[in-house]
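The values are calculated or read from the model by the stated rules, or taken from the named source; none is laboratory data. These numbers were taken from a predicted model, which means no experiment stands behind them. Counting neighbours? That spans all protein chains shown, and the Cβs are built from the backbone with ideal geometry, glycine included.
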Amino acid sequence: MAATRAKLTCPVYGIGCELTSRQLPKVQEVMQHYFFLQIQLPRTTKSSEIVAQVATSVMDIWIKSSIPTVSIKRVQQKIVSLHQNLRTILKRKGVSKALAVLLTKQESQNLFDIAACQCLDLSICTCPRESKVPELEREFLLDQRNERKMVIGSLVPNLVEI
């Protein structure tokens, strides 16, 4: 049976696609990547294997940003929780379902935040040293949690002309 576009579109998160490595992923992007892999991998692939691949992809992006993260196991738990929540929403009927879809769509625009430090004010962080966000990355993390104007890139030193 051929898959139609309607069957490939999630009413909450949209169409599956790959993650971009230029910004930290939002909840919606993580779930879209889950659906992308679900379509790309053989049907015999277990959900836990897809979750593991998504978690690894997400962790790779966060590592690239030099921000300490929670464990891979915790990332997998967050993805499973999002998937279970989606399944629960899709089982609902009527107004309850419509409201849940709307609320979840709004929440899906938030950062899929797996930073080890969840302090609101990073300048007075009380987290252990290994969990603290490096000073150079604080502005980037705050941006990703809010406006999302910045992108991941390498630091290029200013070249001085002689």
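With respect to the conditions (1) assigned to a loop (DSSP other than H, G, I, E, B); (2) farther than 18 Å from Asp143 by Cβ; (3) in contact with a helix residue (DSSP H, G or I) (Cβ under 7 Å, 6 or more places away or on another chain), Thr45 falls short on a single one, namely (3). The single condition from (1) part of a helix (DSSP H, G or I); (2) of a type outside the set (S, T, N, Q); (3) touching a residue at least 60 places away in the same chain (Cβ under 8 Å) that His83 fails is (3). Does any residue of segment 56-68 turn out to be modelled with pLDDT of 95 or more, part of a loop (DSSP other than H, G, I, E, B), of a type in the set (A, V, I, L, M) and under 18 Å from Leu111 (Cβ atoms)? Checking segment 56-68: at least one residue is modelled with pLDDT of 95 or more, part of a loop (DSSP other than H, G, I, E, B), of a type in the set (A, V, I, L, M) and under 18 Å from Leu111 (Cβ atoms). A single entry from Lys97, Lys78 fulfils the requirement of being crowded, with 16+ Cβ neighbours inside 10 Å, among the basic types (Lys, Arg) and either assigned to a helix (DSSP H, G or I) or touching a Lys or Arg at 6+ places or on another chain (Cβ under 6 Å) (or both): Lys78. In segment 1-37, of all residues being hydroxyl-bearing (Ser, Thr, Tyr) and part of a loop (DSSP other than H, G, I, E, B), the one that is modelled with the highest pLDDT corresponds to Tyr13. Any residue at all in segment 135-147 that's of a type outside the set (Ser, Thr, Tyr), assigned to a loop (DSSP other than H, G, I, E, B), under 21 Å from Thr20 (Cβ atoms) and over 15 Å from the mean Cα position of the chain (by Cα)? Yes - at least one qualifying residue is present in segment 135-147. Within the set Leu136, Leu122, Leu90, the sole residue that is farther than 26 Å from Ile152 by Cα and among the aliphatic types (A, V, I, L, M) turns out to be Leu90. Filter segment 46-90 for residues that are in contact with a Leu (Cβ under 8 Å, 6 or more places away or on another chain) and among the β-branched types (Val, Ile, Thr); which is nearest to Lys132 (Cα to Cα)? Across segment 46-90, the extreme among qualifying residues is Ile67. Among the residues of segment 107-154, those that are β-branched (Val, Ile, Thr) and free of Cβ contacts under 8 Å to residues at least 12 places away in the same chain comprise Ile124, Thr126.
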